[in-house]
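Participant: Would you mind keeping the following structure in view while I ask a few things?
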Amino acid sequence: MISSRSLLILFAGAISGFAVAVFPQVAPGTHAPQITFIPRTSGTSLSEGMHSGADKAAREAGFRLYWNAPTHEDDVDRQISLMRSALANNTKGLVLGPTNGPALTAALNKFIARHIPVVIVQTETPVPSGRYITSITPDQDAVAKLAALHVFDVLGSGGGQVAVLGLDRTAPETLLRSRYFLQYVRSHPEVQMVAQQKSTSLVQEAEQNAGEVLDSFPHLKALFAVSATATAGAIQAIRRRGLNHAVTLVGCDDDLFLRRDIVEGSLDSLVVTDNQRVGLLAAGALLDGIGGHDLPQPFHVEPRLLTREGFQVQP
Amino acid sequence: MSHPQLEVENARLVDDRLTTNRTEGSFVQLAKDILLFGVAAAVCFGLTRVTIAILHSPDRGLPYSDRFANSESAEWSAYGGNWKVEDGSVVNESNERGAKLVAGSPYWTDYVIEADVALRSSGDAGIIARVSDAEQGVDAYSGIYVGLRTRDQVLVVGAADHNWAEYAARPFSSPILPNTWYKIRVRLEGCKVDAIVNREDSTEMGKATATVDSCPLQGRIGLRSYDSGGMWKHIRVTKLAASR
């Protein structure tokens, strides 16, 4: 007969043996501290450029980069959910490409309240910059200027009708680009701005919107598409109407498959920024903030113009 | 020596002996307890390790196949997409970029995965292997992807680790048609990936071989589509040695 004392010892031994056996399976690993990067969407050339830059900066500083994004550029709920997860996972800092600035202010304020530094990319910061939030974005005035000067060059002294495509209230950079472009057009009386067309982040809708402008203004000479989606939609609309050689299309952002479209001749030129540099700068600023330094003032990255002549870079 | 003194001395000797016996008895009991504890710990440790080894075996659950009989797909986990089982195939009705459906053991290592795949529109659709750390998101998983891509009409082989690295893009001999079944077979041995795509009549349409840097060495299987819904059926995974 086994005594209760022996049973107790057997049980304790069994528990100890079990614990020692399963410990390697359940022991928490040692992880580097984490920073989070949530762009508007991922899996695109624009986002992957930023990803590689940020990843490099994080690794060099001994941090782990958590990278994820909505699968659709307009999925603000998913972006909020990812921001909440980042907070729950004790992220040390956040780089964010806001899908819809006003909808994200509450979530952003939670980071700021906890003194977690935030760097906004892709568009202007939806909350005022300060000690815990800043932005690293393209110089939107320079983007519009490069596009405008190229359009004036293509149209020559004869001028002609131009239109802007892709204004999206949820993407403030599109409004800024359009506004600055209009200012440059006003300084050239031979060029007439005939339309400023709204759009969304869906290529199909962008194509439909571009089509409406093309159909309404048959003498249109040039289009300035202020986002990658608007550019992709305009390419399709122009192609369907056989207007490739009649309308000059200048697009924005090194995204989707727009480089290929330049090579194929369906896109005249593209105003881009160095996305890898943006990622590197954003993560670098964030890491400085995590290290106790003040975040830098909002910083603008200079764009450049890619043209079909072998991607020649123009100043 | 007087009698009283002798009695006292005898009593002391008896006490000493009793104390010694008690101490010896305690040591013996302690030794028995330690032995009992050790045996119980060793047996339980051994049993647990054997159980873990069985559960983590790369052979466990292989060969695996799913013909989606009785419209069941309970063992699959969805990460994005809009999935349903229909007529013996699984369908993603959404064109969400990077939608995934994952099943199988996280401990499978070298294996062959085969499936019939059809795209519902233009985009990508295919299979993923050695999947771990999956989340909703375009490249939000660690694993290897082999698929049909309509944009440039290629058989694409790439690896994701919450990013994307493309290792092969082989043009097909004929265009990829939507709603048409293609048979994909992927063989994974170490970091070498061999992929072949045949038409339904078994004629070869394209193949690709790639060696993936820092490849994931184990993981589950899955179905993935990008910008296109997709349909999958006759999913089969076999241990590499058995499939040779």
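The values are calculated or read from the model by the stated rules, or taken from the named source; none is laboratory data. Keep in mind that this is a model prediction, so the values were computed, not measured. As a convention, Cβ positions derive from the backbone with ideal geometry for all residues, glycine included, and neighbour counts pool all protein chains shown.
Participant: On the basis of being surrounded by 18 or more Cβ atoms within 10 Å (Cβ to Cβ) and in a loop (DSSP other than H, G, I, E, B), does residue B:57 make the cut?
Facilitator: Judged against the criteria, residue B:57 is not a match.
Participant: Restricting attention to segment A:247-265, and to residues there that are away from chain B (no Cβ under 14 Å) and not in a strand (DSSP E or B), which single residue is modelled with the lowest pLDDT? Steps first, please.
Facilitator: To start, the set of residues in segment A:247-265 that are away from chain B (no Cβ under 14 Å) comprises A:247-254, A:262, A:265.
With not in a strand (DSSP E or B) added as a condition, the list becomes A:247, A:253-254, A:262, A:265.
On the way: A:247: 93, A:253: 89, A:254: 82, A:262: 88, A:265: 85.
The selected residue is A:254.
Participant: Do the conditions hold for residue B:211, that is, is it of a type in the set (Val, Ile, Thr), over 22 Å from residue B:95 (Cα atoms) and out of contact with any His (no Cβ under 6 Å at 6 or more places or on another chain)?
Facilitator: yes
Participant: Among the residues of segment B:37-53, is there at least one that is farther than 30 Å from residue A:21 by Cα and more than 9 Å from chain A (Cβ to nearest Cβ)? Before you say what the answer is, go through the steps one by one.
Facilitator: Quick first cut of segment B:37-53, residues farther than 30 Å from residue A:21 by Cα only: none.
Looking through segment B:37-53, none of the residues is farther than 30 Å from residue A:21 by Cα and more than 9 Å from chain A (Cβ to nearest Cβ).
Participant: Name the single residue that is farthest from residue B:140 (Cα to Cα) among those in segment A:19-42 being touching a residue at least 24 places away in the same chain (Cβ under 8 Å) and facing chain B (nearest Cβ under 9 Å).
Facilitator: A:41
Participant: I've got another one for you. Being among the polar types (S, T, N, Q) and either more than 17 Å from residue B:230 (Cα to Cα) or in contact with a helix residue (DSSP H, G or I) (Cβ under 7 Å, 6 or more places away or on another chain) (or both), is that true of even one residue in segment B:176-185?
Facilitator: Within segment B:176-185, not a single residue is among the polar types (S, T, N, Q) and either more than 17 Å from residue B:230 (Cα to Cα) or in contact with a helix residue (DSSP H, G or I) (Cβ under 7 Å, 6 or more places away or on another chain) (or both).
Participant: In segment A:55-71, what residues are within 11 Å of chain B (Cβ to nearest Cβ) and either in contact with a Leu (Cβ under 8 Å, 6 or more places away or on another chain) or among the β-branched types (Val, Ile, Thr) (or both)? If you could, list the steps in order and put the result at the bottom.
Facilitator: Filtering segment A:55-71 down to residues within 11 Å of chain B (Cβ to nearest Cβ) leaves A:55, A:64-71.
Result: A:55, A:68, A:69, A:70, A:71.
Participant: Continuing with this model, one more query. Just wondering, is there one or more residues in segment A:8-18 that are under 25 Å from residue A:227 (Cα atoms), surrounded by 15 or more Cβ atoms within 10 Å (Cβ to Cβ), β-branched (Val, Ile, Thr) and within 12 Å of chain B (Cβ to nearest Cβ)?
Facilitator: No, there is no match, as no residue in segment A:8-18 is under 25 Å from residue A:227 (Cα atoms), surrounded by 15 or more Cβ atoms within 10 Å (Cβ to Cβ), β-branched (Val, Ile, Thr) and within 12 Å of chain B (Cβ to nearest Cβ).
Participant: Still on this structure: The conditions are (1) at the interface with another protein chain (Cβ under 10 Å from one of its Cβ atoms); (2) surrounded by fewer than 23 Cβ atoms within 10 Å (Cβ to Cβ), and residue A:47 fails exactly one of them. Which is it?
Facilitator: Tallying (1) at the interface with another protein chain (Cβ under 10 Å from one of its Cβ atoms); (2) surrounded by fewer than 23 Cβ atoms within 10 Å (Cβ to Cβ), residue A:47 fails exactly one: (2).
Participant: Before we move on, is residue B:213 within 14 Å of chain A (Cβ to nearest Cβ) and in a loop (DSSP other than H, G, I, E, B)?
Facilitator: When the stated conditions are applied, residue B:213 does not pass them.
Participant: A follow-up question, please. When residues of segment A:72-93 are filtered for being touching a residue at least 60 places away in the same chain (Cβ under 8 Å) and either out of contact with any Ser or Thr (no Cβ under 8 Å at 6 or more places or on another chain) or within 13 Å of chain B (Cβ to nearest Cβ) (or both), how many remain?
Facilitator: Of the residues in segment A:72-93, 4 are touching a residue at least 60 places away in the same chain (Cβ under 8 Å) and either out of contact with any Ser or Thr (no Cβ under 8 Å at 6 or more places or on another chain) or within 13 Å of chain B (Cβ to nearest Cβ) (or both).
Participant: Moving on to the next point. Among (1) within 18 Å of the chain's Cα centre (by Cα); (2) at the interface with chain B (Cβ under 8 Å from one of its Cβ atoms); (3) at negative phi, which single condition is residue A:96 missing?
Facilitator: Single failed check for residue A:96: (2).
Participant: Please work out if residue B:67 is loosely packed, with under 13 Cβ neighbours inside 10 Å and in contact (Cβ under 8 Å) with a residue 40 or more places away in the chain. Quick ask: steps written out before the conclusion?
Facilitator: Numbers: loosely packed, with under 13 Cβ neighbours inside 10 Å: yes; in contact (Cβ under 8 Å) with a residue 40 or more places away in the chain: yes.
The answer is yes for residue B:67.
Participant: Residue A:165 - would you say it is at pLDDT 95 or above, under 27 Å from the mean Cα position of the chain (by Cα) and surrounded by fewer than 17 Cβ atoms within 10 Å (Cβ to Cβ)?
Facilitator: Considered against the rule, which asks whether it is at pLDDT 95 or above, under 27 Å from the mean Cα position of the chain (by Cα) and surrounded by fewer than 17 Cβ atoms within 10 Å (Cβ to Cβ), residue A:165 comes out as no.
Participant: I've got another one for you. Does residue B:148 count as closer than 20 Å to residue B:100 by Cα, touching a helix residue (DSSP H, G or I) at 6+ places or on another chain (Cβ under 9 Å) and away from every other protein chain (no Cβ under 14 Å)?
Facilitator: Against the criterion (closer than 20 Å to residue B:100 by Cα, touching a helix residue (DSSP H, G or I) at 6+ places or on another chain (Cβ under 9 Å) and away from every other protein chain (no Cβ under 14 Å)), residue B:148 does not qualify.
Participant: Out of all the residues in segment A:159-197, which are among the basic types (Lys, Arg) and either in contact (Cβ under 8 Å) with a residue 60 or more places away in the chain or within 22 Å of residue A:137 (Cα to Cα) (or both)?
Facilitator: Residues satisfying the conditions are A:169, A:177, A:179.
Participant: Out of the residues in segment A:254-281 meeting the condition of being within 14 Å of the chain's Cα centre (by Cα) and acidic (Asp, Glu), tell me which one is surrounded by the most Cβ atoms within 10 Å (Cβ to Cβ).
Facilitator: For segment A:254-281, the residue satisfying everything is A:255.
Participant: Same structure, new question: Considering only segment A:196-210, state which residues are β-branched (Val, Ile, Thr) and part of a loop (DSSP other than H, G, I, E, B). Step through it out loud before you land on a result.
Facilitator: From segment A:196-210, those β-branched (Val, Ile, Thr) are A:200, A:203; that's our starting set.
Result: A:200, single match.
Participant: Which residues, counting only those in segment A:185-221, are of a type in the set (D, E, K, R) and farther than 21 Å from residue A:144 by Cβ?
Facilitator: Correct list: A:205, A:207, A:212, A:215.
Participant: Applying the selection to segment B:215-232, what residues are more than 30 Å from residue A:203 (Cβ to Cβ) and not β-branched (Val, Ile, Thr)?
Facilitator: Correct list: B:215, B:216, B:217, B:218, B:219, B:220.
Participant: Would you confirm whether or not segment A:208-220 contains a residue that is aromatic (Phe, Trp, Tyr) and either crowded, with 20+ Cβ neighbours inside 10 Å or touching a residue at least 40 places away in the same chain (Cβ under 8 Å) (or both)?
Facilitator: Looking for residues that are aromatic (Phe, Trp, Tyr) and either crowded, with 20+ Cβ neighbours inside 10 Å or touching a residue at least 40 places away in the same chain (Cβ under 8 Å) (or both), one finds at least one in segment A:208-220, hence yes.
Participant: Hey, another quick one. Any idea which residue in segment A:14-66 is farthest from residue A:98 (Cα to Cα), counting only those that are more than 13 Å from the chain's Cα centre (by Cα) and of a type in the set (Phe, Trp, Tyr)?
Facilitator: The residue in question is A:18.
Participant: Before we move on, is residue B:156 within 14 Å of chain A (Cβ to nearest Cβ), farther than 23 Å from residue B:234 by Cβ and among the β-branched types (Val, Ile, Thr)?
Facilitator: Details: within 14 Å of chain A (Cβ to nearest Cβ): yes; farther than 23 Å from residue B:234 by Cβ: no; among the β-branched types (Val, Ile, Thr): yes.
The answer is no for residue B:156.
Participant: Now for a separate question. For segment B:98-140, which fully contained strands (runs of 3 or more DSSP E) count at least 3 residues that are without any contact (Cβ under 8 Å) to a residue 60 or more places away in the chain and either in the same structural domain as residue B:223 (by TED's automatic domain parsing) or crowded, with 19+ Cβ neighbours inside 10 Å (or both)? Before the answer, list the steps.
Facilitator: Working: elements: B:99-103, B:111-119, B:124-132.
Correct list: empty, since no element meets the threshold.
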